[in-house]
Amino acid sequence: NFLSKHMNEHVVAYPKESVLAAVSQFATPFFLYDEARLRENCRNFREGFRKYFPTFSPLYAVKTNSNPEVLRIIMSEDFGFDCSSMAEAWIAEKLHATGEYTGNYTSAEELAYAKKAGLILNLDDITMVDFLDEIGVPEVLSFRINPGMGQAGIESNVLAGPDAKCGVPFEQAPAAYKAAQKKGVKTFGIHMMTGSNNLDEEYFAATVEKLFEIIASIKQETGIDITFMNIGGGFGVPYRPEERSLD
């Protein structure tokens with residue numbers, strides 16, 4: 001609420017007066033968050049999708065900022081959480097949040113904790129299916145798929161494609177779903193995350209089209225219907241004045 005008392009109605013990129021006012025009251029260094037801008041960003045993102053997909057349910061990646069007060073604000077804007085560590089799952093459990101759990105080279109212990117926290121398990125590798133015998137078979141399960149293409153603001157943030165470490169290769173997707181079905185999973189989702197900080201709208205359309213093709217191949221080879229699709233993150237933000245926001 002501090003910023004709302006010290007800022008004008010129009011949000012500015014650098015709230016100089018607010019910062020100076022805060023410095024006069026609080027010991028430095030500190031983090032100063034603009035709640036009004038945070039809520040505006042959440043609503044713009046959420047409604048940008050719900051305008052076309054009424055059942056759209058956004059997830060916030062806890063890794064980007066795990067401050068519980070920030071998370072409570074985001075939750076109140078009808079966001080769930082995407083978690084990728086036991087610490088993040090712990091926070092989600094304490095805040096009674098919904099969402100998914102996605103991690104690389106995840107142990108059975110981590111998956112068991114995420115399952116207990118009420119998060120949908122999103123498996124990153126086909127070998128993790130064997131952990132279901134140990135932790136108990138969930139009714140709902142998702143797989144993170146590598147669709148074979150990736151793009152990011154910088155090369156090191158490309159998270160999919162031929163050389164990426166993340167996700168089940170799309171060629172193995174039907175086998176992964178069939179194996180999970182044999183374990184007793186009833187409802188399936190699918191996920192991808194191909195790269196960070198993309199500012200090209202057409203790229204997201206291309207990756208989702210590819211994911212639909214993968215869903216079709218899964219259906220054709222296994223008969224399994226995918227109930228929900230998580231199109232992943234990577235939605236870029238303009239770090240430089242000359243960069244524009246995503247439409």
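The values are calculated or read from the model by the stated rules, or taken from the named source; none is laboratory data. Computed from a predicted model, the values in this text were never measured in an experiment. Note: ideal-geometry Cβ built from the backbone for every residue, glycine included; neighbour counts use all protein chains shown. Remember, those area values only see protein heavy atoms, side chains included, never the ligands or the DNA or RNA. Shrake-Rupley method; radii C 1.70, N 1.55, O 1.52, S 1.80 Å.
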Using per-residue counts of other Cβ atoms within 10 Å, averaged over each peptide, order 235-244, 196-205 from highest down. 196-205, 235-244
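D for the chain, whole µm²/s, Stokes-Einstein with Kirkwood Rh over alpha-carbon pairs at 20 °C and 1.002 mPa s: what number? If you can, show how the numbers build up before the last one.
On the way: Rh = 19.6 Å.
The calculation lands on 109 µm²/s.
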When the solvent-accessible surface of protein heavy atoms is calculated with a 1.4 angstrom probe, in what order do E35, E109 fall, highest first? E109, E35
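Based on DSSP H runs of at least 4 residues, each adding -39500 (n - 2.57), what is the mean residue ellipticity at 222 nm of the chain after dividing by all its residues, to the nearest 500 deg cm²/dmol? All intermediate terms of the calculation are to be shown ahead of the outcome.
Working: 9 runs with 93 residues, N = 247.
My calculation for the chain gives -11000 deg cm²/dmol from helical runs alone.
Hey, with R₀ at 30 Å, roughly what FRET efficiency would Q25 and F235 work out to, going by the Cβ-Cβ distance, to 0.05? Display every interim value, and only then the final one.
Numbers: r = 34 Å, r/R0 = 1.14.
Between Q25 and F235 the formula returns 0.30.
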Between the range 72-147 and the range 187-240, what's the alpha-carbon centroid distance in Å? 18
Distance-filtered residues of the range 120-147 - backbone nitrogen under 20 Å, label point 7 angstrom along S57 Cα→Cβ: 120-124, 137-145
Cα gyration tensor of the range 171-247, axes a ≥ b ≥ c as square roots of the eigenvalues: rounded (a/c below 1.5), prolate (a/b > b/c) or oblate? prolate
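So how strong a dipole does the chain carry about its Cα centre when Lys and Arg Cβ are +1 and Asp and Glu Cβ are -1, to the nearest 20 debye? Numbers along the way, then the final one.
Working: 23 positive and 34 negative charges, 101 e Å.
My answer is approximately 480 debye.
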Lysines whose Cα lies under 21 Å from that of K186, excluding same-chain neighbours fewer than 8 positions away: K115, K116, K178, K219
Relative contact order of the range 45-108, please, whole-number percent, based on alpha carbon pairs below 8 angstrom and at least 6 residues apart. 28
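Just to confirm, what accessible area per residue do you get for the chain at 1.4 Å probe, in whole Å²? Walk me through the numbers on the way to the answer.
Numbers: 14140 Å² over 247 residues.
Result: 57 Å² of accessible area for each residue.
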Which of L111, A97, G80, positive extreme of dipole for the range 58-117 (C-beta unit charges): L111
With all protein chains in place and a 1.4 Å probe, D225 shows an accessible area in Å² (nearest 10) of 100
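Ignoring ligands, DNA and RNA, what percent of the 1.4 Å accessible area of the chain is carbon and sulfur? Before the final figure, lay out each step's value.
On the way: 7420 of 14140 Å².
Within the chain, the accessible surface is 53 percent carbon and sulfur.
Dipole size in debye (nearest 20) for the range 50-154 around its Cα centre, Lys and Arg Cβ +1, Asp and Glu Cβ -1?
Details: 8 positive and 15 negative charges, 97 e Å.
Computed charge dipole of the range 50-154: roughly 460 debye.
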Give me the dipole magnitude in Debye, nearest 20, for the range 20-90 about the Cα centre, with unit charges on the beta carbon: positive for Lys and Arg, negative for Asp and Glu. 180
Expressed in square angstrom to the nearest 10, the accessible area of S107 with a 1.4 Å probe stands at 40
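Provide the packing ranking of 181-191, 119-129, i.e. peptides ordered by the mean count of other C-beta atoms within 10 Å per residue, highest first.
Working: 181-191: 16.7, 119-129: 21.7.
Descending mean neighbour count gives 119-129, 181-191.
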